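Below is one structure; the comments refer to it alone.
The values are calculated or read from the model by the stated rules, or taken from the named source; none is laboratory data. What you see is a predicted model, and the numbers here were worked out from it, not measured in a lab. Please note: Cβ atoms are built from the backbone with ideal geometry, for glycine as well, and neighbour counts cover all protein chains shown.
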Amino acid sequence: MLGWDGGATVIVMKFGGTSVEDAAAIDRVAGIVKSRLAERPFVVVSAMAKVTDQLLAMAAAAGRGERAPALDICRSLRERHYVTAGELLGTGLHTALHGELGSEFDSLAELLRGISAVGELTPRTSDYVVSFGERLSSMIITAAFLTRDIPATLVDARQVIVTDAQHSRAVPQVEETNDRLQDRVQPLIEQQRVPIMAGFVGATREGTTTTIGRGGSDFSAALVGAGLNAERIEIWTDVDGMKTTDPRICPDARRIKLISFEEAAELAYFGAKVLHPATVLPAVEKNIPVLVLNSRNPSNQGTRILSRTPRSHSLFKAIAAKTRITVVEIVAARMLMAHGFLAKVFEIFARHHCAVDVVSTSEVSISLTVDSNEAIPQIAADLEKLAFVKYFGRKAIVCLVGDNLRDTPGVAAQIFEAIRDINVRMISQGASEINLTFVIDEADVPEAVRRLHAKFFANVDPEVFD
């Protein structure tokens, strides 16, 4: 077994679904963690790739009373986890874990039968079903680490991450979570153990299982990092860090070596998939660096996210695009400037749990964007009690982010000259000094992004980009 240096530092390592998708991937992860043992790692893991989607599907089927399809998906998942564990552990060592996994899947199958009998899926029950993905992967990974001379200890996230009771999007209670980290996790680290915890999962004070939203494993890692005053937080994915734009649109997208927390948060919110937006918040408060790394290419330095970064010679850091956007136009000639009118408009969106992304106002109208969802017609009906309403789907937000926007004149002119023949529906600059955002038709996104990337990233600062 590798030794420890006796230092007090801790690092948090989070591995996403594609990093733990099968036995070969988990074996790679074990090698990466073993190389970091001297830095006292705390490991947070996602469910195996696509498992969360399958758990949601089986829960939905059971909620419709479709017992057989739900149990078929459950059997398929059971087999996948058994096979993965067997490949990692071998026959002898697999026996004990096989029993533990079997017990968990028996509980899941029984739960699905109950949901199907009642014909109703509550948010609380859905959270419990979905929590199985991360909990099962953490069990397998702990066993795999132990057989590879990594002193792993399984930590139940429900005993550590304390949340409120907003199922599927529970809010962590930071002070109580920090207390539990100190009580239950710090001693393990001092004993030179490697805690393995399921991401995404938590529990209320009363012990009811909750989840903190899709992508929440990143958030779990950041909460642990902040609570343990970690030296850094490593987010392990299947790409070489953050890119200047989506490489599926621009194959020549460059790796960003350094980016600020503020810039990373803007990019994450406006469509960049590598990082969950909430991830940066606990880290910002404690000034903890976040690294985005590739488990399939661990020698790559990835992207380092810091509270402050050196000034770049390049105008922008990246371009993000967020599709499936609806533009809502609210026209009220006599009411717009009336006291409380805007508050009434936004209260309607809040009542429908629909977040607003971009807002633009004129003398008689408000234009705003929201994620397209089934609530749009009901929102429009409520808004029509106040004003005349139109809404348009299949739009997209394009966001250019960079610290140099603050002091550079003529930025907007350069952007819109590059896309002069593409129709722009809305423009927003000013709410954040580091981004310029505009709305176009969804179909125009690839062409717009390619043109902007060619214009602004042909020659870049080698200190910041690779």
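Residues checked against (1) closer than 24 Å to residue 223 by Cβ; (2) crowded, with 18+ Cβ neighbours inside 10 Å:
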position	(1), (2)
35	no, no
46	yes, yes
50	no, no
55	yes, yes
61	no, yes
64	no, no
70	no, yes
78	no, yes
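Filtering the range 207-222 to residues that are surrounded by 24 or more Cβ atoms within 10 Å (Cβ to Cβ) and either more than 15 Å from residue 15 (Cα to Cα) or of a type in the set (Gly, Ala, Ser) (or both) leaves 210, 211, 212, 216, 217, 220, 221, 222. Per the conditions (1) hydrophobic (A, V, I, L, M, F, W, C); (2) closer than 29 Å to residue 339 by Cα; (3) over 30 Å from the mean Cα position of the chain (by Cα), the sole criterion not satisfied by residue 418 is (2). Within the range 386-402, being hydrophobic (A, V, I, L, M, F, W, C) and either under 17 Å from residue 366 (Cβ atoms) or modelled with pLDDT under 90 (or both) holds for 386, 387, 388, 389, 392, 397.
Annotation note: Cβ proximity below 6 Å between a residue of the range 172-196 that is in the same structural domain as residue 150 (by TED's automatic domain parsing) and a residue that is of a type in the set (S, T, N, Q) and surrounded by 20 or more Cβ atoms within 10 Å (Cβ to Cβ) (sequence gap 6+ or interchain) occurs for 172/163; 196/138; 196/142. Can you say whether residue 271 is modelled with pLDDT of 95 or more, in contact with an Asp or Glu (Cβ under 9 Å, 6 or more places away or on another chain), closer than 29 Å to residue 129 by Cβ and among the small types (Gly, Ala, Ser), as far as the supplied structure shows? No, not satisfied. The condition (being within 14 Å of residue 23 (Cβ to Cβ), hydroxyl-bearing (Ser, Thr, Tyr) and part of a helix (DSSP H, G or I)) is satisfied by just one residue among 128, 82: 82. The residue of the range 137-163 that is surrounded by the fewest Cβ atoms within 10 Å (Cβ to Cβ), among those that are β-branched (Val, Ile, Thr) and in a helix (DSSP H, G or I), is 147. Of all residues in the range 385-401, none satisfies the criterion of being crowded, with 20+ Cβ neighbours inside 10 Å and at positive phi. Considering only the range 435-444, I want to know if a residue exists there that is modelled with pLDDT under 90 and in the same structural domain as residue 327 (by TED's automatic domain parsing). Yes, there is a match, as at least one residue in the range 435-444 is modelled with pLDDT under 90 and in the same structural domain as residue 327 (by TED's automatic domain parsing). Looking at 323, 303, 361, 309, just one residue is hydroxyl-bearing (Ser, Thr, Tyr), surrounded by fewer than 18 Cβ atoms within 10 Å (Cβ to Cβ) and under 26 Å from the mean Cα position of the chain (by Cα), and that residue is 323.
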